[in-house]
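Data block below; observations after.
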Ligand SMILES: [Zn+2]
């Protein structure tokens, strides 16, 4: 008789399981591709805090793709104008630094 409303009520726990266990897997994968953080460290942060807060924590990590500086050798420089020496780095190749945390 009340079959449809019963099944909707039974779906809610499964939706919560998906939100708390599957969404952190996806968010960590997307975030750790662009930020300098290991996938499993990102996963730990997303499980400790929720994926919503963990996403903003990981977005504050430095970028994985850096320009570097050909003037002073600063390998972590992310912009065209180096933050340490002020030298311009136009037409420089983007390097990929692997996550270390
Ligand atoms: Zn520099």
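The values are calculated or read from the model by the stated rules, or taken from the named source; none is laboratory data. Remember, it's a predicted structure, so these values are computed and weren't measured experimentally. No Cβ is skipped: glycine too gets one built from the backbone with ideal geometry, and neighbour counts run over all protein chains shown.
Taken over the stretch 50-96, residues that are exposed (fewer than 15 other Cβ atoms within 10 Å of the Cβ), part of a loop (DSSP other than H, G, I, E, B) and either away from the ligand (no atom under 12 Å from the Cβ) or touching a residue at least 24 places away in the same chain (Cβ under 8 Å) (or both) amount to 8.
In the stretch 20-37 there is no residue matching the filter, namely being at pLDDT below 90 and over 19 Å from the mean Cα position of the chain (by Cα).
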